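Asks: Here you go, one structure.
The values are calculated or read from the model by the stated rules, or taken from the named source; none is laboratory data. Keep in mind it's a predicted model, so treat the numbers as computed, not measured. Here Cβ is always computed from backbone atoms with ideal geometry, including for glycine, and neighbour counts include all displayed protein chains. Just so you know, the surface numbers come from the protein's heavy atoms only, side chains and all, with ligands and any DNA or RNA stripped out. Shrake-Rupley method; radii C 1.70, N 1.55, O 1.52, S 1.80 Å.
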Amino acid sequence: MAEAAIELRNITKTFGSVVANKNVCITANKNEILSILGENGSGKTTLMNMISGIYFPDEGQIFINGEEVVIRSPKDAFKYKIGMIHQHFKLVDVFTAAENIILGLEDEDGYDLKKSVEKVREIGERYGFTIDPEKKIYEMSVSEKQTVEIIRVLYRGADILILDEPTAVLTPQETQKLFAVLRRMRDDGKTIIIITHKLHEVLSLSDRVSVLRKGEYIGTVKTAETDENKLTEMMVGKKVSLNIERDEPKDCVDRLNVQNINCINREGVTVLSNVSFTARSGEILGIAGIAGSGQRELLEAIAGLQKLSNGSIMYLDPKTGETENLRDKTPMEIRDMGVRLSFVPEDRLGMGLVGNMDIVDNMMLRSYRKGKTVFLERKAPKDLAEEIISRLEVVTPDANTPVRRLSGGNVQKVLVGREIAAAPTVLMAAYPVRGLDINSSYTIYNLLNEQKRKGVAVIFVGEDLDVLLELCDKIIVLSAGKISGVVDARTTTKEEVGLLMTKSQEVEENE
Amino acid sequence: MFATIINKAIVQGIPLLYGSTGEIITEKSGNLNLGIPGIMYMGGIAGVMGAYFYEKSVAVPSPVWCIIIPLIASLIGSALLALIYSFLTISLRANQNVTGLALTTFGVGFGDFFGGSLTKIFGEGGNLSVKVTADYYKTTLPFADDLGAFGKIFFSYGFLVYLAIIIALISAWVLKKTRVGLHLRAVGENPATADAAGINVTKYKYLATVIGGAIAGLGGFYFIMDYTGGSWTNGGFGDRGWLAIALVIFALWKPNLGIIGSVIFGGLYIAYAYISGLSRSASAIFNMLPYVVTILVLIITSIRSKKENQPPASLGLAYFREER
């Protein structure tokens, strides 16, 4: 029997009337990587926040090395050598890596930044990180920031490391590097708890898996004795087909012809250079790339929200049969022509929806101009809201609930549902399944497929390569604002796309 | 002539320096305290009241108590106002702008009420004046007059001037070089991060706001005790409180830059007096100069957009740990 490093017994936590965790019992051993698996809203993060002192459990006990402890604040958690790496990095942008790492520490030997910098370097070398302790956070890449987070908890001598969806923002290569580091830490005697909803990562990395579903503890299995299907079943309660349906594209005609567009952002950085592609009706065009490779700018350019320095975006209007250059149009004209953008940013609410307004009002953001009188007509948007709620299974008390109070996944359903409802000819969906659980993701995939069958040119920007490969017909890969490759989604491999995603960057670094 | 201008600029700048140092410390904790003008007013009137009651209560005021009692009264008065601000914005999470503006209105009203009526309440009439106390505060170093221009620029002030500069330098050092400073800056930049790192965000916010308020209050106190020589005039403090807040921006949230900035602002503030033939309206335009300079600084720093020169990232936002 392995030695338990941390044990949770009957932990319960509620927020108002919402039960986030109910009677959860989980044990993590020394020298072990434990995965906590669950859909969105299953209470994984809440549970871990209770171990790290951000929240306090309503009921239940926590044992560390066999002794019962009370963790009331992050400080208490440090005391018990628990370190958490949050999904959203908790770093101060204008501080250096070292300053962030020593933040909150009370050393007896006083404040000595130079010594801290040295110690950070040592830790980096020991576990195989590459890090510059004196670099400012705002100059760092996502993966570097994560490294700072991990070193921060190691610096404090943490024995139990909790990582909340650590791979969500990493490229496949970076993920492999992280996993290697985690394995090295495990062999060094640490306990690693990793929160995730990516099954293949669970299987490749962890020793055991604990599954949560809707806040309840379902069970723990050894990774070696399970497989994807069994885990999915535990996670969702019913078997979800892992295959996304994909029809052969029919009656394809060129709908959108993007020619040599260039875009320079406000900081003077070239974010798009010489991007050319064609989106055809009845086809799903995937756009792959590491976050921030120009996906956002590209879609915004098509929607008329981004100024281009040159190039053209030719749009073939199916109603009139005429070809028009979208660069000369205002965003509203482009929208009225049927080009629709639904962009789900990292914080999910940042673009497209107003958090404090209810679902009906958010529907009206797109349709208020249709009213004939000076007063708002609420009937049509209300019907639309009700339809989206029932068709997409949006979990909400009613259509008059502020969007802010819905969970992330439900917010996204509202956003995507509204754009689809406008019967577009070009539908651009950026990260529509970002952070969604499997069931909701499939609902979105089906919606996109339905649009494809209707002859819409769908452009899908995604981060999960598996999904891109299964959902799309054609994939263009963006890397640092350039198209580094166009592949057929039916025949390509994940490795090929992953390589294309990082290819030209490496070339630039070598130059 | 030159020495006189510098001397006048410094004298004008000191209230602003106290105010801006206090506000910088406050803002570094993420609290945008627009109550500073009111707090500075409060620091002035509380000090005057302390001095007035002490002078009334004894036949021959002793120099030591004349210094200590008004100083403590001033610190308590402004700290109390800052404490009200802290309680409203930190514990009750009220809107910082609204709370601050309300406190400014309150502080100015409080000052004008007691400043204008204290002597009447005690049946004496006449202006509120604490000349005996003020004379102690105005005491300069004895050898200042012997050193000519040099002495005039550097040694011809009461001790509150030096205290302002020392406090600014210490604040700069604490913010930049100590763990407390690092933690305070973290609270103002990203309270969630600071919280997760085990820093007591509420404690830091309270302490920074109250200490900052007390320091800012000394600006009003200096103005009454030293600059005007102990006689209170309603509205005499003018818009110096707002200038102090403008100086925070001008100094890029660095107390040591605030020292230089305060002299520049002070100089600009009195520039009209040294240009002959100005009409009243033209001199009013000159009074705008510090604000114009502040806007220029804002434009330049915004264009350069260097992260270090921006206000604390979470300035003006309330922090609540379990917000979802």
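Asks: Taking the Cα centre of the protein assembly as shown as the origin and placing charges on Cβ (Lys, Arg +1; Asp, Glu -1), which of A:GLN176, B:VAL161, B:GLY236 is farthest toward the positive end of the dipole?
Replies: B:GLY236
Asks: Then there's this: So what is the accessible area of the stretch B:2-323 per residue, in Å², with the probe set to 1.4 Å?
Replies: Working: 13690 Å² over 322 residues.
Averaged over the residues of the stretch B:2-323, the accessible area is 43 Å².
Asks: Output the relative contact order of the stretch A:131-237, whole-number percent, from Cα pairs under 8 angstrom with separation of 6+ residues.
Replies: This gives 20 percent for the stretch A:131-237.
Asks: Among DSSP beta bridges whose residues both lie in the protein assembly as shown, state the antiparallel percentage, nearest 5.
Replies: 55 percent
Asks: Convert each backbone phi in the stretch B:257-271 into a coupling constant with the Karplus relation 6.51 cos²θ - 1.76 cosθ + 1.60 (shift: θ = phi - 60°), then list the ³J(HN,Hα) values in order as whole Hz, x for Gly and Pro.
Replies: 5, x, 4, 5, x, 5, 5, 4, 4, x, x, 5, 5, 10, 4
Asks: Computing the accessible area with a 1.4 Å probe over protein heavy atoms, can you report the carbon and sulfur percentage for the protein assembly as shown?
Replies: Answer for the protein assembly as shown: carbon and sulfur cover 56 percent of the accessible area.
Asks: Among B:ILE275, B:VAL263, B:ALA313, which residue has its Cα furthest toward the positive end of the charge dipole of the stretch B:2-323, with +1 on Lys/Arg Cβ and -1 on Asp/Glu Cβ?
Replies: The one lying farthest along the dipole's positive direction is B:ALA313.
Asks: Ok, one more. In square angstrom and rounded to 100, what buried accessible area do you get between chains A and B, total over both, with the probe at 1.4 Å?
Replies: Buried area between the two chains comes out at roughly 2300 Å².
Asks: What does the accessible area of A:CYS252 come to, in Å² to the nearest 10, when a probe of 1.4 Å is used?
Replies: 40 Å²
Asks: Hey, another quick one. If you place +1 on the Cβ of every Lys and Arg and -1 on the Cβ of every Asp and Glu, how big does the dipole about the Cα centre of the protein assembly as shown come out, in debye to the nearest 20?
Replies: 1580 debye
Asks: For a 20 Å ceiling on Cα separation, which of these pairs sit above it: A:LYS30/A:LYS81; A:LYS22/A:LYS190; A:LYS319/A:LYS452?
Replies: A:LYS22/A:LYS190
Asks: Let me ask another. How high is the relative contact order of the stretch B:195-301, given as a whole-number percent (alpha carbon pairs under 8 Å, six or more residues apart)?
Replies: Details: 48 pairs, mean separation 22.3, N = 107.
Relative contact order here is 21 percent.
Asks: On to the next question. For the stretch B:9-22, in order, what is each residue's ³J(HN,Hα) by Karplus, 6.51 cos²θ - 1.76 cosθ + 1.60 with θ = phi - 60°, in whole Hz (x at glycine and Pro)?
Replies: Couplings: 5, 5, 4, 5, x, 4, x, 5, 5, 4, x, 6, 4, x Hz.
Asks: With the convex hull built on the Cα atoms of the stretch A:4-139, state its orientation-averaged projected area in nm².
Replies: 10.2 nm²
Asks: Can you pull out the trypsin sites (Lys or Arg not before Pro) in the stretch A:72-181 that DSSP calls coil and that have at most 12 other Cβ atoms within 10 Å?
Replies: Values: sites: A:ARG72, A:LYS75, A:LYS79, A:LYS81, A:LYS90, A:LYS114, A:LYS115, A:LYS119, A:ARG121, A:ARG126, A:LYS135, A:LYS136, A:LYS145, A:ARG152, A:ARG156, A:LYS177; in loops: A:ARG72, A:LYS81, A:LYS90, A:LYS135, A:ARG156.
Counting only loop positions with at most 12 other Cβ atoms within 10 Å, the trypsin sites (Lys or Arg not before Pro) in the stretch A:72-181 are A:ARG72.
Asks: Points 7 angstrom from Cα along the Cβ direction at A:LEU365 and A:VAL269: gap in nanometres?
Replies: Here the answer is 2.6 nm between the modelled labels.
Asks: Send over a whole-number figure in Å² for the accessible area per residue of chain A, probe 1.4 Å. Could you put the intermediate results ahead of the total?
Replies: Values: 22800 Å² over 511 residues.
Spelled out: the 1.4 Å probe surface of chain A, per residue, equals 45 Å².
Asks: Something else: Pop out the ³J(HN,Hα) list for the stretch B:243-256 in order, Karplus 6.51 cos²θ - 1.76 cosθ + 1.60 with θ = phi - 60°, rounded to Hz; leave Gly and Pro as x.
Replies: 4, 4, 5, 4, 5, 4, 5, 4, 7, 6, 6, 10, x, 5
Asks: Please provide three numbers in whole Å: the alpha-carbon extents of the stretch B:2-323 along the principal axes, with the largest listed first.
Replies: 57, 44, 39
Asks: While we're here: Let me check against my output: what whole-number percent is the relative contact order of chain A, with C-alpha pairs under 8 Å and at least 6 apart?
Replies: Value for chain A: 15 percent.
Asks: How many percent of Cα pairs in chain A exceed 37 Å?
Replies: 35 percent
Asks: Could you name every residue in the stretch B:174-193 that has 50 Å² or more less accessible surface in the full protein assembly than in its own chain alone (probe 1.4 Å, ligands and nucleic acids excluded)?
Replies: Buried by 50 Å² or more upon assembly, which counts only protein chains, are B:ARG179, B:LEU182, B:GLU189, B:THR193.
Asks: Note every residue of the stretch A:66-83 with a reduction of at least 40 square angstrom in accessible area, all protein chains present versus the isolated chain, computed with a 1.4 Å probe, or write none.
Replies: The answer is A:PRO74 - residues whose exposure falls by at least 40 Å² when every protein chain is included.
Asks: Would you please give the residues with an amide H less than 5 Å from that of B:ARG93, counting only those at least 5 places away or on a separate chain, with H modeled from the backbone geometry?
Replies: Amide H neighbours of B:ARG93, under 5 Å, 5+ apart: none.
Asks: Sticking with this one: How long is the gain from B:ASN309 to B:MET1 if the chain were fully straight, where each residue apart is worth 0.36 nm and the alpha carbon distance is subtracted?
Replies: That works out to 107.3 nm of additional length.
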